[in-house]
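K.L.:
Sharing a structure below in structure tokens format, with a few things to ask.
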Amino acid sequence: MSSPTTAPRYSRHLLEEMPLLLPSQLLCNSIVSLHPFLPNPKNTNGFFSPLCCSSSTTTAAATAPTASTNAGAAPVIRKRKRYRKLCPGESKGIVEEMRFVTMRLYTNNNSSTTTTSNSNGNSGGDGDESGIEDNNNEFDDCDGVEETWMPTIEGFVKYLVDSELVFHTIERIVDESDNIAYTYFRQTGLERLESLSKDLEWLEQQGISIPEPSSPGVSYAQYLEELAEKSAPLFLCHFYNIYFAHISGGQVITKQVCEKLLEGKDLELCRWEGNVPELLKEVREKLNKLGEAWSRDEKNKCLRETTKSFKFLGQIVRLIIL
């Protein structure tokens, strides 16, 4: 017959051991034994997934549903990158862009001239457009100059005086400025100040009175002075356009006027030392090189300044017939 105290002693021993087992082994063993019946709330397939107390298994179980969720998500649609449309001539440089503006001015001038003649002298367009038309007279062909212009010696001298002031201004600014961008355009071989001074001296020897610079030349010179201090790109745009305009159209007009008024006198203004196209090409290449560092906004401003430069030059050219 067993002792009545054996069972209680065993039960008391078990109860004493149980608190030590539950927090560790017993709790973990209980979860492991029940894991086939525990649902995984992140499992979207409706099946029960096993659980484990192992840290590596838990990590894998936590990351697997994430991959499944991402796979089922809608694909991200990336917007197509849009590239800015290049301006006409932009791939070749800022000078080519200015050339397109110049040609457009020339085309608009021819169209406006035809429209004006067909409308019995009625002018069209606003004030800015009329200014553009004026500046493009410098690009008119020789026959147009002979047929429509009635130059006077007084007006021609005013044209030379104002031109001298403009060339003196840009050449002095380039020679004296501390701006590094201007140093590339010193002694280009295109300078006209000395030639104009000689021509005016010769005219004075012929008994022709040499006046002071008039409003068009003074206004343009002042504008160039201010622009040179404010923006090198904008000033250099005028610098190039002034020489380009004289080479492409100004000297043609000068020769035609000399044929009519000075018995074909060959002025120094139309004489060059060296190959003029090559000299102009060197200036163009330097300006294009500098233009590579300019922002699109600065280039756009240069294109607008191209219109202004020919407007100023056109006003000076028109002095010949005033």
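K.L.:
Taking region 260-294, which residues are small (Gly, Ala, Ser) and assigned to a loop (DSSP other than H, G, I, E, B)?
P.N.:
Gly264, Gly274, Ala293
K.L.:
Let me ask you something else. When region 58-109 is examined, which residues are found to be among the polar types (S, T, N, Q), at pLDDT 60 or above and open to solvent by 60 Å² or more (accessible area, probe 1.4 Å)? Spell out how you get there, then give the answer.
P.N.:
In the first step, residues of region 58-109 are kept if they are among the polar types (S, T, N, Q); the result is 58-59, 63, 66, 68-70, 91, 102, 107-109.
Now narrow it down to the ones that are at pLDDT 60 or above: 91, 102, 107-109.
If the condition is that a residue be among the polar types (S, T, N, Q), at pLDDT 60 or above and open to solvent by 60 Å² or more (accessible area, probe 1.4 Å), then Ser91, Thr107, Asn108 are the ones that fit.
K.L.:
Just for region 138-152: of the residues that are in a helix (DSSP H, G or I) and buried (at least 16 other Cβ atoms within 10 Å of the Cβ), which one is modelled with the lowest pLDDT?
P.N.:
If we filter region 138-152 for residues that are in a helix (DSSP H, G or I), which is where we start, we get 138-139, 142-148.
This time we only want the ones that are buried (at least 16 other Cβ atoms within 10 Å of the Cβ), so: 138-139, 145.
Values: Glu138: 41, Phe139: 38, Val145: 43.
So the residue we want is Phe139.
K.L.:
Further question on the same structure: Working carefully through the options Lys301, Lys281, Lys308, find the one that is within 21 Å of the chain's Cα centre (by Cα), farther than 21 Å from Trp149 by Cα and surrounded by fewer than 18 Cβ atoms within 10 Å (Cβ to Cβ).
P.N.:
Numbers: Lys281 fails: within 21 Å of the chain's Cα centre (by Cα); Lys308 fails: surrounded by fewer than 18 Cβ atoms within 10 Å (Cβ to Cβ).
The unique qualifying residue is Lys301.
K.L.:
Gly249 passes all but one of (1) open to solvent by less than 10 Å² (accessible area, probe 1.4 Å); (2) of a type in the set (Gly, Ala, Ser); (3) under 25 Å from the mean Cα position of the chain (by Cα); which number fails?
P.N.:
With respect to (1) open to solvent by less than 10 Å² (accessible area, probe 1.4 Å); (2) of a type in the set (Gly, Ala, Ser); (3) under 25 Å from the mean Cα position of the chain (by Cα), Gly249 is out only on (3).
K.L.:
Residues that are free of Cβ contacts under 8 Å to residues at least 40 places away in the same chain, at least 2 per element: which helices (runs of 4 or more DSSP H) completely within region 172-259 meet that? Reasoning before the result, please.
P.N.:
Values: elements: 180-183, 193-205, 215-230, 232-245.
The helices (runs of 4 or more DSSP H) meeting that bar are 180-183, 193-205, 215-230.
The values are calculated or read from the model by the stated rules, or taken from the named source; none is laboratory data. Because the structure is predicted, anything quoted here is derived from the model rather than measured. Here the Cβ is made from the backbone with ideal geometry for all residues, glycine too, and neighbour counts use every protein chain on show. For accessibility, only protein heavy atoms count, side chains too; no ligands or nucleic acids. Shrake-Rupley method; radii C 1.70, N 1.55, O 1.52, S 1.80 Å.
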